[in-house]
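A short worksheet on the structure shown next.
Just so you know, all these numbers are worked out from the coordinates, no wet-lab data involved. Because the structure is predicted, anything quoted here is derived from the model rather than measured. Every residue, glycine among them, receives a Cβ derived from its backbone with ideal geometry; neighbour counts consider all protein chains shown.
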Amino acid sequence: MDYNRIDSISRSQHPNKQLTDVQYGTAGFRAKSDLLDHVLYRMGILTVLRSKQKNATIGLMITASHNEEPDNGVKLVDPAGEMLDSSWELIATELANIPDSELVNALKKIIKDENINEDSPSSVIIGRDTRESGWSLSRAAIDGINAADGIIQDFGIITTPQLHYLVVCSNTNGSYGEPTVEGYLLKLVNALLSIKKAKNNDLYVGEIYLDAANGVGAIAAKEFQEILHDNLSIRIFNDGNGPLNHKCGADYVKVQQCPPINSPGKSLTRCVSIDGDADRVIYYYLDDSDKFHLLDGDRIATLIASYLKELVEESELKIQLGLVQTAYANGASTTYISEFLKIPVVCTETGVKHLHHKALEFDVGVYFEANGHGTVVVKDSVLKMIRTASQNMNLPKKCRTASSKLTSLIDVVNQTVGDALSDMLLVEAILYVRGWDIVTWERSYTDLPNRQLKVKVQDRNVIETTDAARKCVSPSGLQSKIDELVARYSKGRAFVRASGTEDIVRVYAECDSSSEVEKFAAEVALAVH
Ligand code: 16G
Ligand code: ZN
């Protein structure tokens, strides 16, 4: 590697002005975009090293997801489409913050410590969302990749899940799919259409209204619409002509529990909200009296899991199905899954990598955060078994058909990461097959009233939790205060945790009374102070 070149480009074009330290958090680096230029240059170099170490293609995505427009961020994607390994998160943080004068030595140290062969080939896929700062930040990353002699494929403006998909396809010789955006669109649409061949649509209407958060999802959704034609009408609003994530998008709708700006006023219309980089999705509608109803990640998870369970039973295959949630999952959903659907459910810490990892322990693992990030992961051996069963003429027709339906359903899923648009097509497929409208879907269980609050404290890191954030171990005494409060409310449950993306503590409370939940959450917040 030409260290002189790396050093001189760093100092002359992408210097670390050392304004603020940044940290590789739950979803990569996030900060005001003007703090990130040198970070992107250095992450460009780091992806090349990671690619050499893994002998595989690595992804680099420039996005700040549901944050406001002036923010931006970057995350690295490991070869199997998963989030960067945590040991490398520390390396990334250190590399991002050192002064320019130490850059070369730091790189040499990484190469030595991580046993990287400098002569190995490298390949990096990069993408960015629609933020204005994305272009120049992507130039900084490209400068870093070039300086380290890496091979780049720049896909320009794409969704986060598309980037994950492209990384996986590149590392699996196309067996997961074609490593192009068109390959992605066609894979999902063809799978959806093969499901929609089945008759029985009853109450289902093939029209949805999509709040695209004025982000990159609008572009992808338009591309889907072009191929889908009238198989599914996607009426896109907040399609990029307004400010990104402003009063719109999945995060806004989920947290504020109200429709986004420009939402159609017509009652009982099936509406979908995605976030700024299209990796989260939630559904909502207004009823006849204009009351807002939210169908969040928990709802989507239960819809998918219940249909998968039905197909697995019909197929008579031995497949272990499981569902992964976080502490934010509504208690009513957890009860419904374990007691009614009788599907094993586990709770992990917040953050996609924790859920994804846990879901891989099942033959078929469904994972969703309540905020709408989630997907289904299927073991390769299990997928093969299902495919074989779907063509085995010795099996009863009912079993074969169920296996074949399972195969199509799994093909609609972007298994590499939670994907708002793939999940939306999956929900649409299941609603179609079931012949359900959104009201029927919602009927399966009733959410417990719940409230989330943010609390500003001097040092959020004094809050330490265990048991997937459900128990607070520090500061001492806080958990017993929370326990006392919880005991006062019927079906009460509450927890606190330090946010991984903002300098605040998050409070979650739920109980069976909508008039009391506000007070309950406020009391827990007060205990944190
Ligand atoms: C990030 C995570 C998301 C999590 C959220 C929690 C990824 C790709 N994204 O957006 O899964 O729900 O952080 O934020 O891991 P918080 O720590 O601020 O509550
Ligand atoms: Zn996102």
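A few notes on this one:
- Computed [θ] at 222 nm, deg cm²/dmol, the chain (DSSP H ≥ 4; -39,500 (n - 2.57); rounded to nearest 500): -12500 deg cm²/dmol
- Among C258, C271, the order by Cβ neighbours within 10 angstrom, fewest to most, reads C258, C271.
- As a rough guide to protection, the peptides 367-375, 337-345, 238-246 ranked by mean Cβ packing within 10 Å, highest first, stand as 367-375, 238-246, 337-345.
- 3J(HN,Hα) couplings calculated from phi for region 15-22 with the Karplus curve 6.51 cos²θ - 1.76 cosθ + 1.60 (θ = phi - 60°) are, in sequence order, x, 7, 7, 6, 6, 9, 6, 10 Hz; Gly and Pro show x.
- Net lengthening on full extension, K519/D202 (0.36 nm per residue, minus Cα-Cα): 109.9 nm
- Across the cross-link table entries K52/K112; K454/K519; K318/K353; K17/K112, which are compared at the Cα atoms, the separations over 19 Å belong to K318/K353; K17/K112.
- Region 356-509: C-alpha gyration tensor shape, a/c 1.5 cut-off, then a/b vs b/c: prolate
- Peptide packing: for 479-492, 180-193, the average count of neighbouring Cβ atoms within 10 Å per residue gives the ranking 180-193, 479-492, highest mean first.
- Each part reduced to its alpha carbon centroid, region 121-183 and region 250-314 end up 30 Å apart.
- FRET efficiency for the pair D113 and K454, taken as 1/(1 + (r/R0)^6) with r the Cβ-Cβ distance and R0 = 41 Å, rounds to 0.60.
- For Q23, nonlocal amide neighbours, meaning residues 5 or more places apart or on other chains whose placed amide H falls under 5 Å from its own, are R30.
- Computed over the Cα atoms of region 433-529, pair by distinct pair, the Kirkwood hydrodynamic radius stands at 14.5 angstrom.
- E94 versus K397: modelled label distance in nm, points set 7 Å from Cα along the beta carbon direction: 6.5 nm
- Cβ crowding within 10 Å, taken as a proxy for footprinting-reagent exposure, orders S273, S513, S8 from fewest neighbours to most as S8, S513, S273.
- Amide H contacts under 5 Å for A213, placed H, 5+ residues apart: G249, I274
- Under 5 Å from the amide H of D154 lie the amide H atoms of I126, each residue being 5 or more positions distant or on a separate chain, with H modelled from the backbone and absent for Pro and chain starts.
- Rounded, prolate or oblate (a/c below 1.5 giving rounded, otherwise prolate when a/b exceeds b/c) for region 208-334 by Cα gyration tensor: prolate
- Alpha carbon centroid spacing (whole Å) that separates region 48-109 from region 6-43: 10 Å
- For G59, net neighbour charge (Lys/Arg +1, Asp/Glu -1) across residues whose Cβ lies under 9 Å away: 0
- Sequence of L36, L84 once ranked by neighbouring C-beta atoms within 10 Å, starting from the fewest: L84, L36
- Spatial extent of the chain: Rg and Dmax, with the Cα atoms as the point set, Å: 23.3, 70
- Estimated inter-spin distance, I504 and D287, nm [label 7 Å along Cα→Cβ]: 2.9 nm
- Separation of alpha-carbon centers, region 476-521 and region 221-238, rounded to whole Å: 41 Å
- Distance between the pseudo-spin-label points of C258 and S233 (7 Å out from Cα toward the beta carbon): 2.9 nm.
- Highest average packing first - 446-452, 264-270, Cβ atoms within 10 Å: 446-452, 264-270
- Remark: for residue pairs K456/K491; K32/K291; K109/K379, the C-alpha separation exceeds 32 Å in K32/K291; K109/K379.
- Inverse of mean 1/r across different Cα pairs in region 47-134, Kirkwood, Å: 14.1 Å
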